[in-house]
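The values are calculated or read from the model by the stated rules, or taken from the named source; none is laboratory data. Just so you know, these numbers come straight off a predicted model, no measurement behind them. We place every Cβ from the backbone using ideal geometry, glycine too, and count neighbours over all the protein chains shown.
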Amino acid sequence: MRKGYITGPVLGALWMVVIATTIAVTMSFATGAAFRPQVLLSLIWGAVAGLVYVRFPARHAPARLGVSALLGLSCLTGFGPVLIGSDTTLLALLVTVISVALVMHVSLAAILKELPFGELTRHEYEDAVIRFCTGFGYIFFTAIVIIPFYVMVMTSLKSQQALLQNPLDFSVDLSQGWALLRSYTELFRDFNFGSYLWTSFYVSCLTVFITLLFSVPGAYAVARFRFQGQKAFSRSILLIYMVPMIVLALPIYIAFSLTGLRNSILGIVMIYPVTTIPVALYMLQGYFRGLPTEVEEAGLMDGLSRLAVIWKITLPLSLPALASVSLYVFMIAWNEFLLAFMLLDDPSKFTLTRGVTMLNSSEIPRQHLMAGAVIATVPIMALFLGLERFMTKGLTAGSVKG
Amino acid sequence: MSSATPPTGTGALAKREARLAWTLLAPTIISVSLVVILPLLAIIWISFKPFTLSDLRPPAPVVRESLRGSGDDLRIEYRLRNSSQEIAIQGVTLSDVLPDGVTAGEVAAPCVLDGQDLFCDFGALEGGQRERIRIPIEVDGDPDAFEELVEESEPDVTGSGPSVLTNFEFSLENFARVFDGDEFWGVLGVTLFYTVFGTIGALVMGLFAALLLNKSFKGQGFIRGLYLFPYVAPVIAVAFTWVTLFDPFSGSANALLVQMGLSSEPINFFGERPLALIMVTVFEIWRYFPLSFLFILARMQSIDSSMYEAADMDGASPFQKFWLLSIPQLLGILSVLFLLRFIWTFNKFDDIFLLTGGNAGTRTLTVNVYEQAFAVSNIGAGAAVAVVILMCLIAFSFVFFKFISREEGL
């Protein structure tokens, strides 16, 4: 197995399949025309390319460039790695040919590097395999993450007929101008999404505020004070993590029905923080433990009371942690679906997630549902991308919770 | 000179500290126990009761008031009925104030009139029983104007039936129903498949993604952010996107498969029996691999690099370094993650509910709670399933604490 003339063709063949599939899928999603990867032909072409690449180890050897160019051109004949349908535009054809040749050359040169033709050392062999796996991993993960979001955004811009006619055609007609966004304007005009957006926003903010109000003193007490039952308390926080929401939702539904709190924002604002307090408590106490006690003790010596120490010393020191916790709690509250679904029936009081659920019916066209999904996703994504550092920290600290 | 002895017992300072600690914890403890402990007790209570969705409204007397007749034969009618067909209501009374300008005639048996105040005492109302009271009246002026006046003033009715929730009759009927037949074992099997494969899949994918990003290069932060998208996006958004993507008629995934010649006709991914379960498991893996990825990456970056340098000096190959260095170092976090994710996947409800609604052989225990309680409208049976889930969780958490206290020193 550890021979250049075996490793090269094998990796080349497998890589050709990966590249052919990737390009075919990308082109299909971009143009809606027919592109099909040919697995068997790809294996053969890839093996030939791999053999040439190990035989001529210079980075941009003419033979390497030649075989890649041949690969690209072969796509025009029907015997190439990618089969192109007959109704394709010239531009798409050109893009496919060039990208097959170019991507294949660049990536295969990066994977096989200057792999010798004959006997390989263990390091050379494993490094080549790892480079292959890395390349595959990047393509694979990027594809599975991006495709659903791409479909979500593009579907929201299409019309029902266009979708049924060719579900693959995501090309957008930019000449329509603002009419492209008609699903969104209809959602805001006819389905009251502006108000849902606002409800979700202030419910989430209130949840963050109440959660911090309760969990900061609690976390401080758990982190700093020694008292009986401290360990039991820490454990029960973790235990509460593990109680499934649906089990709690049932009695809460009954209690809210009996007391008339169902169908009110007040009920939602009362219940959301309680689901997030244990998470916040857990995250914050971890952070408080890491703060040096000396600063606080100095404050105590200077005559501050405990509460003043928390307010004047601990909290300013833990601002980054508070930001992480707030963001995380905001995300949980914004994304919360089950309680909103069970407790809210009145369309004037819906949160965004509840509003989107309402769009999932056979009478409402798909693009409206997808536009609703985009509206729900964009704010949290913007927040996430803008404050990625805090968010990642918050996720790592708190996401024992699913 | 007396020898100095260390203080024993708790001193005043320690007591004060403990008191402050409990004061700071009190709001959290109270609110959490109100919303967590109390409902848990409630659900155990309900699981032993024949309680259906309609019992949420206990039987109550319903009254309608109207002005009937014309001229001399003018009368106010109260029609009273028991909202329940089976259960009797105790202590039913009706009181109302007749509007000014109305003079009542003779008032019949259960009612008495004191000035303009009308009071009727019906005692008990059997299930489905109806009562009608006619009060002949005379009005000064236009009867039509009074019609509104009369019908506007709502009479007060009292009376309450027994609530199933508060009595002390218990039955095991709900549990019998839940465990009855093959259905329960089917549901349990689906839950286990979903949990085991969802957890392992997410861990393996997370490990793979973490290996990819465990080196610094330009754009590493961006890709890390990108790979977290599935987890950060709202579950409704991504679940509905998956449903749209895999739709048998207008789904892009099916169109792609057909075009590539992998399948001759569209596949109903979320509607066929074994496939739907696999798809929801794949969704679970897709949505939660970012989480394991984040944890594993954080642990990887804290592994001491001198170990790898030493291994390099000894001539270890990349695979050897992975198997003999990285994996043993990651074993701790992997097992903690496995346990946590196992419990969380076991608890998952939203994802399956949104993707298939529990149809096509994807009904897990949590979805079954909802199905029993709301689709079959038997809250008692739903509660019984919930109690079964709780039992499983108690078992899991024993394992968890035994394990995690060894791993993390918690």
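When A:Leu76 is tested against (1) under 30 Å from B:Asp247 (Cβ atoms); (2) assigned to a loop (DSSP other than H, G, I, E, B), just one condition goes unmet, and that condition is (1). Evaluate segment B:362-370: report whether one residue or more is over 13 Å from A:Val247 (Cα atoms), of a type outside the set (D, E, K, R), at pLDDT 85 or above and not in a helix (DSSP H, G or I). For segment B:362-370, residues over 13 Å from A:Val247 (Cα atoms), of a type outside the set (D, E, K, R), at pLDDT 85 or above and not in a helix (DSSP H, G or I): present.
Is there a residue being over 30 Å from B:Gly357 (Cβ atoms), in a helix (DSSP H, G or I) and either out of contact with any strand residue (DSSP E or B) (no Cβ under 8 Å at 6 or more places or on another chain) or not acidic (Asp, Glu) (or both) anywhere in segment B:150-166? Taking every residue of segment B:150-166 in turn, at least one turns out to be over 30 Å from B:Gly357 (Cβ atoms), in a helix (DSSP H, G or I) and either out of contact with any strand residue (DSSP E or B) (no Cβ under 8 Å at 6 or more places or on another chain) or not acidic (Asp, Glu) (or both).
Within segment A:236-257, the set of residues being modelled with pLDDT under 85 and either more than 7 Å from every other protein chain (Cβ to nearest Cβ) or in contact with a Lys or Arg (Cβ under 8 Å, 6 or more places away or on another chain) (or both) comprises A:Ser236, A:Ile237, A:Leu238, A:Tyr241. Return the residues of segment A:252-287 that are surrounded by fewer than 22 Cβ atoms within 10 Å (Cβ to Cβ), among the hydroxyl-bearing types (Ser, Thr, Tyr) and more than 15 Å from A:Ser324 (Cα to Cα); say none if nothing qualifies. Hits for segment A:252-287 are A:Tyr253, A:Ser257, A:Thr259, A:Ser264. A single entry from A:Ile332, A:Ile313 fulfils the requirement of being within 11 Å of chain B (Cβ to nearest Cβ) and either surrounded by 16 or more Cβ atoms within 10 Å (Cβ to Cβ) or more than 30 Å from A:Leu157 (Cα to Cα) (or both): A:Ile332.
Summed over segment A:258-293, the residues that are touching a Gly at 6+ places or on another chain (Cβ under 7 Å), modelled with pLDDT of 85 or more and assigned to a helix (DSSP H, G or I) give a count of 1.
When segment A:154-188 is examined, which residues are found to be part of a helix (DSSP H, G or I) and touching a residue at least 40 places away in the same chain (Cβ under 8 Å)? Of everything in segment A:154-188, those that are part of a helix (DSSP H, G or I) and touching a residue at least 40 places away in the same chain (Cβ under 8 Å) turn out to be A:Thr155, A:Ser156, A:Gln160, A:Leu163, A:Ser183, A:Tyr184, A:Glu186, A:Leu187. All conditions but one from (1) more than 11 Å from chain B (Cβ to nearest Cβ); (2) assigned to a helix (DSSP H, G or I); (3) small (Gly, Ala, Ser); (4) over 15 Å from A:Val216 (Cβ atoms) apply to A:Gly303; the one that does not is (2).
From the list A:Val100, A:Val151, exactly one residue is part of a helix (DSSP H, G or I) and within 23 Å of A:Val10 (Cα to Cα). Which is it?
Sole residue among the options that is part of a helix (DSSP H, G or I) and within 23 Å of A:Val10 (Cα to Cα): A:Val100.
One residue alone among B:Ala202, B:Ala253 is among the hydrophobic types (A, V, I, L, M, F, W, C), closer than 17 Å to B:Ala276 by Cα and in contact with a Leu (Cβ under 8 Å, 6 or more places away or on another chain), and that residue is B:Ala253. Is there a residue being surrounded by 16 or more Cβ atoms within 10 Å (Cβ to Cβ) and charged (D, E, K, R) anywhere in segment A:111-120? Within segment A:111-120, none of the residues are surrounded by 16 or more Cβ atoms within 10 Å (Cβ to Cβ) and charged (D, E, K, R). If you take the residues in segment A:209-235 that are surrounded by fewer than 17 Cβ atoms within 10 Å (Cβ to Cβ), assigned to a helix (DSSP H, G or I) and modelled with pLDDT under 90, which one is farthest from the other protein chains (Cβ to nearest Cβ)? Across segment A:209-235, the extreme among qualifying residues is A:Ala232. What pairs come up if the first residue lies in segment B:186-200 and is surrounded by 15 or more Cβ atoms within 10 Å (Cβ to Cβ), the second is not in a helix (DSSP H, G or I), and their beta carbons are under 7 Å apart, counting only those six or more places apart or on different chains? As it stands, the answer is B:Val187/B:Arg363; B:Val187/B:Thr364; B:Val190/B:Gly361; B:Val190/B:Thr362; B:Val190/B:Arg363; B:Val190/B:Thr364; B:Thr191/B:Thr364; B:Tyr194/B:Thr364, since those pairs meet every condition given. Might you check whether a residue that is within 11 Å of chain A (Cβ to nearest Cβ), within 28 Å of the chain's Cα centre (by Cα) and closer than 30 Å to B:Tyr308 by Cα occurs anywhere in segment B:209-222? No - not one qualifying residue is present in segment B:209-222.
Determine which member of the set B:Ile76, B:Ile87 is more than 14 Å from every other protein chain (Cβ to nearest Cβ), part of a loop (DSSP other than H, G, I, E, B) and crowded, with 18+ Cβ neighbours inside 10 Å.
Sole residue among the options that is more than 14 Å from every other protein chain (Cβ to nearest Cβ), part of a loop (DSSP other than H, G, I, E, B) and crowded, with 18+ Cβ neighbours inside 10 Å: B:Ile87.
Note on segment B:298-355: among residues that are part of a loop (DSSP other than H, G, I, E, B) and away from every other protein chain (no Cβ under 11 Å), the one that is farthest from the chain's Cα centre (by Cα) is B:Asp314. Screening B:Arg363 against (1) away from chain A (no Cβ under 11 Å); (2) touching a residue at least 40 places away in the same chain (Cβ under 8 Å); (3) in contact with a Lys or Arg (Cβ under 9 Å, 6 or more places away or on another chain); (4) not aromatic (Phe, Trp, Tyr) leaves a single unmet condition, (3).
Surrounded by 14 or more Cβ atoms within 10 Å (Cβ to Cβ) and either assigned by TED's automatic domain parsing to the domain that holds A:Arg59 or hydroxyl-bearing (Ser, Thr, Tyr) (or both) - does that describe any residue in segment A:164-171?
yes
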